[in-house]
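A.B. asks: Below: one structure in C-alpha cells.
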Amino acid sequence: MNRADASPQEKGEASGALFAYLLGLVERKEREPGDDLISRLLTERVATGQLSREEAAMNGMILLFARHETTANMIGLGTLALLQNPDQAARIRDTDDPAVVANAVEELLRYLSIAQDMIVRVATEDLTIGGHLIRAGEAVTVNLPDANRDTVFLDQPDTVDLARNTRGHLAFGYGVHQCLGQNLARVELQVALPALLRRLPGLRLAVPLEEVKFRHDKSAYGVHELPVAW
C-alpha cells in the first residue's frame, strides 16, 4: 500500500484488503472480547453509539498505518542525518547512558519532523496570526517543521545538536491531539538507532546525497530508499 512504485489500483486494492481484515477483526472481537484496543473501542464507543463498526475498523487502520509509516521513515531519515553528522552519531554510538540516547532522539524528532502537513485544525473564533485574519470556522494547516525550526524556540535550529535540550518541540503535535503512539515511537528509535550504529560501525551512505530520493510526495516525510554500505 505504501510502495513508491505501486499503482493507484494496487494501493486501492491493498487498502481495501486491510480494511476488510480489520472490519472482520472488529466483528470477531464483538463475539470474543479481550484486553485490547479494538475491544475497548467496541465497549466504550461502538456500544454507546459514538462510533460505528466501520469507524472502529478505520481507527484501527489509522493506528496501524501511522505506527509503521512514521517510525519506519524516522529511522531511515534519522540514520541519514546521523551519517551526515558523524560527530553527532558518535554521541549515540559511544554512550551507555539511556538518558543521552533519549535526549538525542528528541533532537532528531525536532530536526526532522516526519509529520509535515497532516495537522489540520478549525478556528473556534476569529484570530490573527502573523498579520493574517483567520475567521471562526476556517481550516488551518499547522506547519510543524517550521515551528520546530523557529529561532524563537532555539538558536541555530537548522543544525543537529544531540546535546541540547529540545523539550517542547512539536514533532508529535500539541495539546489533546498529540500523537497517540509517541511513547512507542520514542522507544523504537531509542533502540533502533544505537543498535544500527553499534553493529555497523562502518556504516556510510553508498550514493551521493543528491541521489537520495526524498518523500516530498507523501504526508509522512522520509526517504524512498537509503542505499548504504559498511
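A.B. asks: In the stretch 105-128, what count of residues is obtained for those that are under 27 Å from the mean Cα position of the chain (by Cα), aliphatic (A, V, I, L, M) and surrounded by fewer than 18 Cβ atoms within 10 Å (Cβ to Cβ)?
C.D. replies: Qualifying residue count, the stretch 105-128: 5.
A.B. asks: Here is a follow-up. Given the conditions (1) within 16 Å of G78 (Cβ to Cβ); (2) not in a loop (DSSP other than H, G, I, E, B), which single one is not true for F172?
C.D. replies: Only one criterion in (1) within 16 Å of G78 (Cβ to Cβ); (2) not in a loop (DSSP other than H, G, I, E, B) is unmet by F172, namely (2).
A.B. asks: Quick check on E30: is it surrounded by 13 or more Cβ atoms within 10 Å (Cβ to Cβ) and more than 22 Å from the chain's Cα centre (by Cα)?
C.D. replies: Working: surrounded by 13 or more Cβ atoms within 10 Å (Cβ to Cβ): yes; more than 22 Å from the chain's Cα centre (by Cα): yes.
Yes, satisfied.
A.B. asks: Restricting the first residue to the stretch 159-176 and requiring it to be surrounded by 17 or more Cβ atoms within 10 Å (Cβ to Cβ), which pairs with a second residue that is of a type in the set (S, T, Y) meet a Cβ separation below 6 Å and a spacing of at least six or different chains?
C.D. replies: These pairs meet every condition: V160/Y111; A171/S113.
A.B. asks: Which members of the stretch 197-223 meet the condition of being in a loop (DSSP other than H, G, I, E, B) and surrounded by 15 or more Cβ atoms within 10 Å (Cβ to Cβ)? Spell out the reasoning first.
C.D. replies: Taking the stretch 197-223 as the starting set, the residues that turn out to be in a loop (DSSP other than H, G, I, E, B) are 200-203, 206-208, 212-213, 215-219, 221-222.
Scanning the stretch 197-223 gives L203, V212, R215, K218, Y221, G222.
A.B. asks: Does the stretch 58-88 hold any residues that are small (G, A, S) and at pLDDT 85 or above, and which are they? Break it down into steps so the answer makes sense when it comes.
C.D. replies: Within the stretch 58-88, the subset small (G, A, S) is 60, 66, 72, 76, 78, 81.
Passing the criteria: G60, A72, G76, G78, A81.
A.B. asks: Right, here's the next one. Going through the stretch 68-115 one residue at a time, which ones are in contact (Cβ under 8 Å) with a residue 12 or more places away in the chain, out of contact with any Leu (no Cβ under 6 Å at 6 or more places or on another chain), under 22 Å from R149 (Cβ atoms) and charged (D, E, K, R)?
C.D. replies: Result: E106, R110.
Yes or no, residue by residue, for (1) on the phi < 0 side of the Ramachandran plot; (2) touching a strand residue (DSSP E or B) at 6+ places or on another chain (Cβ under 7 Å); (3) of a type in the set (S, T, N, Q); (4) not in a helix (DSSP H, G or I):
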site: A6; (1), (2), (3), (4): yes, no, no, yes
site: L18; (1), (2), (3), (4): yes, no, no, no
site: K29; (1), (2), (3), (4): yes, no, no, no
site: T43; (1), (2), (3), (4): yes, no, yes, no
site: A57; (1), (2), (3), (4): yes, no, no, no
site: A66; (1), (2), (3), (4): yes, no, no, no
site: T70; (1), (2), (3), (4): yes, yes, yes, no
site: Q88; (1), (2), (3), (4): yes, no, yes, no
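A.B. asks: List, please: which pairs have Cβ atoms under 9 Å, are six or more places apart or on different chains, and start with a residue in the stretch 37-60 that is touching a residue at least 60 places away in the same chain (Cβ under 8 Å) and end with one that is crowded, with 19+ Cβ neighbours inside 10 Å and assigned to a helix (DSSP H, G or I)?
C.D. replies: Note: no pairs meet the criteria.
A.B. asks: Can you name the residue in the stretch 129-146 that is among the β-branched types (V, I, T) and at pLDDT below 90 and is also surrounded by the fewest Cβ atoms within 10 Å (Cβ to Cβ) among such residues? Talk me through it step by step, then tell me what you get.
C.D. replies: At the first step, the residues of the stretch 129-146 found to be among the β-branched types (V, I, T) are 129, 134, 140-142.
When the remaining residues are screened for being at pLDDT below 90, the result is 129, 140-142.
Numbers: I129: 9, V140: 14, T141: 11, V142: 15.
Checking each candidate, the answer is I129.
A.B. asks: Can you report the number of residues in the stretch 158-175 which are closer than 21 Å to D87 by Cα and out of contact with any Asp or Glu (no Cβ under 7 Å at 6 or more places or on another chain)?
C.D. replies: Let us first name the residues in the stretch 158-175 that are closer than 21 Å to D87 by Cα, namely 158-166.
Filter again for out of contact with any Asp or Glu (no Cβ under 7 Å at 6 or more places or on another chain), leaving 158-159, 163, 165.
Result for the stretch 158-175: 4.
The values are calculated or read from the model by the stated rules, or taken from the named source; none is laboratory data. Just so you know, these numbers come straight off a predicted model, no measurement behind them. Here the Cβ is made from the backbone with ideal geometry for all residues, glycine too, and neighbour counts use every protein chain on show.
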